[in-house]
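Just below is one structure, and these are the notes that go with it.
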Amino acid sequence: MNILFMGTPDFAVVSLNALAKAGHNISAVVTMPDKPRGRGHKMVHTPVYDAAETLGARIFTPENLKRENFEVTLNQINPDVIVVVAYGHILPEYVLNFPKYGCINVHASLLPRYRGAAPIQRSIIDGETVTGVTTMFMEKGLDTGDMLMKTSVNITEEDNFETLHDKLADAGADLICKTLDAILNGTCIPEKQDDSLSDYAHMITKETCLIDWNKDARDIFNLVRGLYPVPKAFTNYGTKQMKILSCRVVSDKSDSTPGTIFKVGASSFFVACANNTSVEVTAIQPEGKKMMSVSDYLKGNSIEPNSMLK
């Protein structure tokens, strides 16, 4: 069958390449338009654009999917199925209804849990130990369509947004290939979602990234790793912002006010959190500086014991 692939970031590239490697006919690729990047504001292709170019696929970059702008292109491609992986635009109803085998989305959670924009980050921030990927038929609702196939992925203590993103990208690539095979051989049985079990993975905002030291150490540990390497959790040290890149929950107890740096070592510092818990911070990014270990920071700077992070 002819596949129209719609996607934008690195997460989608893994699925695109897997489909091509498996021998599926990718008739065209739709991705977001070029955007200015870096200090020079140079226009840069999306990761999916670059991958599609390498594969020799036809590439389309519509500004939007309004019928008057995209319908001619859609008829020209005439796909049997549309595969959507982190595309970035909501698909209008005429697109959803166009292909014979429907529009299939690869979503980075075990639906109906974590519908929405940030399922990978939110699963870590919430302290989950298992997540996964779901393929589903798309409909007008946000991530509410019938589920096709699922696969689970464990979240370890060492995982952060980057490592879990890569695990789920690989799992999603494998799953979309299996899903298309199952649809073709008639063994794929759609399953309706139980809306009573759903929740929503809200977008990550600046407010999400501000560390609340009045929370338990494990909550702060999960926030830090859920937001690394982007956009990074942060706090305020004096009048400057400090991003916290790496920390761990430690057994050191402190009756200090949450946010107090109660101990400074040669390569880390310890911060009091709620419920007499604490974290050891090992890597930071001071305002206007590059990312660095605390040990490197302390070679030219000082962190005062009993100072406050807010």
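Could you give the size of the charge dipole of the chain about its Cα centre, using +1 on the Cβ of each K and R and -1 on the Cβ of each D and E, expressed in debye and rounded to the nearest 20? Kindly include the intermediate steps, with their values, before the conclusion.
Numbers: 31 positive and 36 negative charges, 180 e Å.
So the dipole magnitude of the chain works out to roughly 860 debye.
Averaging over every viewing direction, what projected area does the convex hull of the Cα atoms of region 227-274 cover, in nm²?
Details: hull surface 16.2 nm².
Projected over every direction and averaged, the Cα hull of region 227-274 covers 4.1 nm².
Please name whichever of THR277, ALA169, LEU184 sits farthest to the positive end of the charge dipole of region 169-310, dipole taken about the Cα centre and charges placed at Cβ: Lys and Arg +1, Asp and Glu -1.
THR277
For region 143-299, give the percent of accessible area contributed by carbon and sulfur heavy atoms, probe 1.4 Å, rounded to a whole number. All intermediate terms of the calculation are to be shown ahead of the outcome.
On the way: 3890 of 7900 Å².
C and S atoms contribute 49 percent here.
Compute the signed sum of charges (Lys and Arg +1, Asp and Glu -1) over the other residues within less than 15 Å, Cβ to Cβ, of LEU142.
Every neighbour counted, the sum reads -2.
Order ASP174, ASP159, ASP252 by their accessible area, 1.4 angstrom probe, all chains in place, largest first.
Sorted by accessible area, descending: ASP174, ASP252, ASP159.
Remind me, what semi-axes does region 194-307 give for its equivalent ellipsoid, largest first in whole Å, using sqrt of 5 times each Cα gyration tensor eigenvalue? Present the calculation step by step, with values, prior to reporting the outcome.
Values: eigenvalues 132, 62, 26 Å².
After diagonalising the Cα gyration tensor, the semi-axes are 26, 18, 12 Å.
Which translational diffusion coefficient, to the nearest whole µm²/s, is obtained for region 23-132 from the Stokes-Einstein equation, given a Kirkwood hydrodynamic radius over C-alpha pairs, 25 °C and 0.890 mPa s?
Details: Rh = 16.1 Å.
Translational diffusion coefficient: 152 µm²/s.
Give me the dipole magnitude in Debye, nearest 20, for region 209-270 about the Cα centre, with unit charges on the beta carbon: positive for Lys and Arg, negative for Asp and Glu. Don't jump to the answer; show the numbers that get you there.
On the way: 9 positive and 5 negative charges, 46 e Å.
The dipole of region 209-270 has a size of about 220 debye.
If you average 1/r across every pair of different Cα atoms in the chain and take the reciprocal, what Kirkwood value do you get, in Å? Don't jump to the answer; show the numbers that get you there.
Working: mean 1/r = 0.0468 Å⁻¹.
With all distinct Cα pairs of the chain included, I get 21.4 Å.
Based on the Cβ-Cβ distance of ASP181 and ASN306, what FRET efficiency does E = 1/(1 + (r/R0)^6) give at R0 = 51 Å, to the nearest 0.05?
The value I calculate is 0.25.
Of the options ALA201, ILE26, CYS247, report the single residue whose Cα projects farthest towards the positive end of the charge dipole of the chain (beta-carbon charges: Lys, Arg +1; Asp, Glu -1).
My answer, from the dipole projection, is CYS247.
Enumerate by residue number the GluC sites (Glu not before Pro) in region 207-310 meeting two conditions: DSSP loop (anything except H, G, I, E, B), and at most 13 other Cβ atoms within 10 Å of the site's Cβ. Write down the numbers at each step before the final one.
On the way: sites: GLU207, GLU280, GLU287; in loops: GLU287.
Here the sparse-neighbourhood loop sites are GLU287.
Could you tell me the extents of region 97-237's C-alpha atoms along the three principal axes, largest first, rounded to whole Å?
For region 97-237, the Cα extents along the three principal axes come out at 58, 27, 24 Å.
Stretch ASP252-SER293 to full length: gain in nm at 0.36 nm per residue minus the Cα-Cα span? Intermediate values should be presented prior to the final figure.
On the way: separation 41, 0.36 × 41 = 14.76 nm, distance 2.07 nm.
Length difference between fully extended and current span is 12.7 nm.
Say the cut-off is 21 Å between C-alpha atoms; which of LYS232/LYS290; LYS66/LYS140; LYS232/LYS253; LYS100/LYS140; LYS206/LYS253; LYS42/LYS167 go over it?
Numbers: LYS232/LYS290 13 Å; LYS66/LYS140 15 Å; LYS232/LYS253 26 Å; LYS100/LYS140 17 Å; LYS206/LYS253 30 Å; LYS42/LYS167 31 Å.
Going by Cα-Cα distance, LYS232/LYS253; LYS206/LYS253; LYS42/LYS167 fall outside the 21 Å limit.
Would you please name the trypsin sites (Lys or Arg not before Pro) within region 105-205 that are DSSP coil residues with at most 13 other C-beta atoms within 10 Å of their C-beta?
On the way: sites: ARG113, ARG115, ARG122, LYS140, LYS150, LYS167, LYS178, LYS192; in loops: ARG113, LYS140, LYS192.
Passing both the DSSP loop test and the Cβ count: LYS140, LYS192.
Please build a GNM for the chain, connecting alpha carbons under 10 Å apart, and tell me which residue among GLN76, GLN285, GLN193 fluctuates the most.
Evaluated over the chain, the most mobile residue of the options is GLN76.
Which of the GluC sites (Glu not before Pro) found in region 79-167 are loop residues per DSSP with 12 or fewer other Cβ atoms within 10 Å of their Cβ? Write down the numbers at each step before the final one.
Details: sites: GLU93, GLU128, GLU139, GLU157, GLU158, GLU162; in loops: GLU128, GLU139, GLU157, GLU158.
Loop-located and lightly packed - GLU157, GLU158.
Counting DSSP beta bridges in the chain, what percent are antiparallel, to the nearest 5? Don't jump to the answer; show the numbers that get you there.
On the way: 39 of 57 bridges.
Percentage antiparallel, nearest 5: 70.
Would you mind checking which residues have amide H under 5 Å from VAL84's amide H? H placed 1.01 Å from N; only 5 or more apart, or other chain.
The list, which skips near neighbours in sequence, is MET6, ILE104, ASN105, VAL106.
Please give me the summed charge of the neighbours of PRO286: other residues whose Cβ is under 10 Å from its Cβ, Lys and Arg +1, Asp and Glu -1.
Numbers: positive: LYS240, LYS243, LYS289, LYS290; negative: GLU287.
That sum, taken over residues with Cβ under 10 Å, equals +3.
Say the dipole of the chain comes from +1 at the beta carbon of Lys and Arg and -1 at that of Asp and Glu; which of LEU223, ASN2, VAL81 then lies farthest toward its positive end?
Highest projection toward the positive end goes to LEU223.
Taking the Cα atoms of region 1-61 alone, what are Rg (to one decimal) and Dmax (as a whole number) in Å?
For region 1-61, the Cα radius of gyration and maximum Cα-Cα distance read 12.0, 43 Å.
Please arrange THR8, THR135 by accessible surface area, largest first, computed with a 1.4 Å probe and ligands excluded.
Highest to lowest solvent-accessible surface, that is THR8, THR135.
Evaluate the charge dipole of region 1-151 about its Cα centre and quote only its size in Debye, nearest 20, assuming +1 on the Cβ of each Lys and Arg and -1 on the Cβ of each Asp and Glu. Numbers along the way, then the final one.
Details: 14 positive and 14 negative charges, 50 e Å.
Computed about the Cα centre, the dipole is about 240 debye.
The values are calculated or read from the model by the stated rules, or taken from the named source; none is laboratory data. The structure presented is a predicted model; accordingly, all values stated were derived computationally and were not measured. We place every Cβ from the backbone using ideal geometry, glycine too, and count neighbours over all the protein chains shown. To get the accessible areas, we keep the full protein, side chains included, count just its heavy atoms, and leave off ligands, DNA and RNA. Shrake-Rupley method; radii C 1.70, N 1.55, O 1.52, S 1.80 Å.
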